[in-house]
Amino acid sequence: MKKLNVALVFTVSFGFAALSSAGVTYKVSGKVSIDGNTGWDYLTVDSEGRRLYIAHGDKVDVVDVDTEKVVGSISGLTGVHGVAIATSSGMGFISDGRADHVTRFDLTSLRKTGDMPTGKNPDAILFDPATSRVFAFNGKSQDTTILDANAGSVLKTLPLPGKPEFATADGAGSVYVNIEDKNSVVRIDSNAMKVEETWALPGCEEPSGMAQDTANHRLFIGCGNKTMVVVNAQTGNVIATLPIGDHVDATAFDPGTKLVFNSNGDGSLTVIQEDSADQFRVIQTVSTQRGARTMAVDPKTHDVFLVTAKFGAVPKPTDATPRPRPAIIPGTFTLLVLKK
């Protein structure tokens, strides 16, 4: 774990007093043990269906967000990255990275209903309500496979100018995706299915997490250099830069509270207040747990969900695995529930 820089400590300390006086302090309120010892990726909240979907190795774990109980799983997968929810069609979509396809499933029964081919290693995935299309972003082939959510068919594979990471849709015909290896963000016209803009992200290295305030046309992008940038979603201009924790992977926005969250692998959650479309401040750093870098927020209850596990020693690097990850200690995979 790296130490926080001085600017971050000062900003958090100052903002924490403001948050405490308003009585909006987040803390870990509960933990839910999840079966399995494999790695994990994105979390997705279906706020209407009251379910949380956890991409977890070769399966998707499903948790009832009101009872905080595991209610099912979708298994028989090979390397899950994320889940997209299409409430209008009653279907969900899973990016199965190692299989190079998207799996469709029924939101009620959790039964798989088919697979659709994608590019290589589909990672981030989203449902665009403006077009009823699903976008699967393929890390290795550096493109996005666009699917018809209702028909379950492939419409197009669209090349991208680099390795895509996380993405978001504004619901009005624009889809945005981070290009991790080029420190940039792309805007896609979801109706025309073409790249409209590519914007550089000055001050942001290895953009990862992304969220959006659609009312104010603002993108929130978590960056690998312990920074979150705020981007005008209409012009691509960076309008604010704020300090966050180390090893961020997910960024989320709660429109009801105007709070932006960045979950960091160093064991912290950075909470940022949106005071206006152009004014932001860090108001709290929540202590979570090492490795808790993926996250989802329930806009109905304002609860925050993270997952992590305990880790063993890091294996020695090899030619085949120059940057090995530590082994997960069996029986320690855990869902963290944060409430205010």
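Starting from residues that are surrounded by 17 or more Cβ atoms within 10 Å (Cβ to Cβ) and assigned to a loop (DSSP other than H, G, I, E, B), keep the ones in the stretch 110-123 and report whichever is nearest to the chain's Cα centre (by Cα). Don't jump to the end; show me each part of the working.
From the stretch 110-123, those surrounded by 17 or more Cβ atoms within 10 Å (Cβ to Cβ) are 110, 116, 118-119, 121-123; that's our starting set.
Checking the rest, the ones that are also assigned to a loop (DSSP other than H, G, I, E, B) come to 110, 118-119, 121.
On the way: LEU110: 22, THR118: 20, GLY119: 20, ASN121: 17 Å.
Restricting to residues being surrounded by 17 or more Cβ atoms within 10 Å (Cβ to Cβ) and assigned to a loop (DSSP other than H, G, I, E, B), the top hit is ASN121.
Go through (1) in contact with a Gly (Cβ under 9 Å, 6 or more places away or on another chain); (2) under 24 Å from MET91 (Cα atoms); (3) outside any loop (DSSP other than H, G, I, E, B) and name the single condition ALA130 misses.
ALA130 satisfies all of (1) in contact with a Gly (Cβ under 9 Å, 6 or more places away or on another chain); (2) under 24 Å from MET91 (Cα atoms); (3) outside any loop (DSSP other than H, G, I, E, B) except (3).
Residues in the stretch 96-112 that are touching an Asp or Glu at 6+ places or on another chain (Cβ under 6 Å) and of a type in the set (Ser, Thr, Tyr): how many?
Residues in the stretch 96-112 being touching an Asp or Glu at 6+ places or on another chain (Cβ under 6 Å) and of a type in the set (Ser, Thr, Tyr): 1 in total.
Can you pull out every residue in the stretch 224-250 that is in contact (Cβ under 8 Å) with a residue 40 or more places away in the chain, over 20 Å from ILE188 (Cα atoms) and not charged (D, E, K, R)? Even if it seems obvious, please write down each step before you answer.
Of the residues in the stretch 224-250, the ones in contact (Cβ under 8 Å) with a residue 40 or more places away in the chain are 226, 228, 230-231, 233, 236, 240, 242-250.
From what is left, the residues that are over 20 Å from ILE188 (Cα atoms) are 226, 228, 240, 242-250.
Residues satisfying the conditions are MET228, ALA240, LEU242, PRO243, ILE244, GLY245, HIS247, VAL248, ALA250.
Filter the stretch 14-39 down to the residues that are under 30 Å from GLY76 (Cβ atoms) and at pLDDT below 95, then identify the one that is surrounded by the fewest Cβ atoms within 10 Å (Cβ to Cβ).
ASP35
What's the number of the only condition in (1) in the same structural domain as GLY119 (by TED's automatic domain parsing); (2) out of contact with any Pro (no Cβ under 8 Å at 6 or more places or on another chain); (3) under 21 Å from PHE253 (Cβ atoms) that PHE137 fails to meet?
In the conditions (1) in the same structural domain as GLY119 (by TED's automatic domain parsing); (2) out of contact with any Pro (no Cβ under 8 Å at 6 or more places or on another chain); (3) under 21 Å from PHE253 (Cβ atoms), PHE137 misses (2) alone.
Suppose we filter LEU107, LEU126, LEU155 for residues that are at pLDDT 95 or above, outside the structural domain of THR241 (by TED's automatic domain parsing), within 23 Å of MET295 (Cα to Cα) and surrounded by fewer than 23 Cβ atoms within 10 Å (Cβ to Cβ); which single one remains? Let's see the steps before the verdict.
Values: LEU126 fails: surrounded by fewer than 23 Cβ atoms within 10 Å (Cβ to Cβ); LEU155 fails: within 23 Å of MET295 (Cα to Cα).
Result of the check over LEU107, LEU126, LEU155: LEU107.
Looking only at strands (runs of 3 or more DSSP E) that lie completely in the stretch 197-313, which have at least 2 residues being touching a Pro at 6+ places or on another chain (Cβ under 8 Å) and crowded, with 22+ Cβ neighbours inside 10 Å?
Correct list: 218-223.
With (1) more than 19 Å from the chain's Cα centre (by Cα); (2) surrounded by 17 or more Cβ atoms within 10 Å (Cβ to Cβ) as the list, and ALA172 as the residue in question, which single condition is left unmet?
ALA172 satisfies every listed condition except (2).
I'd like the full set of residues that are touching a helix residue (DSSP H, G or I) at 6+ places or on another chain (Cβ under 8 Å) and of a type in the set (Val, Ile, Thr), limited to the stretch 205-245.
ILE244
List pairs: first in the stretch 311-340 and polar (S, T, N, Q), second modelled with pLDDT of 95 or more and loosely packed, with under 11 Cβ neighbours inside 10 Å, Cβ under 9 Å, 6+ apart or cross-chain?
Note: pairs meeting the criteria are THR332/SER33; THR334/SER33.
Of everything in the stretch 325-337, what is over 16 Å from ASN262 (Cβ atoms) and either in contact with a strand residue (DSSP E or B) (Cβ under 9 Å, 6 or more places away or on another chain) or not assigned by TED's automatic domain parsing to the domain that holds ALA252 (or both)? Give them in sequence order.
Residues satisfying the conditions are ARG325, PRO326, ALA327, ILE328, ILE329, GLY331, THR332, PHE333, THR334, LEU335, VAL337.
The values are calculated or read from the model by the stated rules, or taken from the named source; none is laboratory data. Computed from a predicted structure; not experimentally measured. Here Cβ is always computed from backbone atoms with ideal geometry, including for glycine, and neighbour counts include all displayed protein chains.
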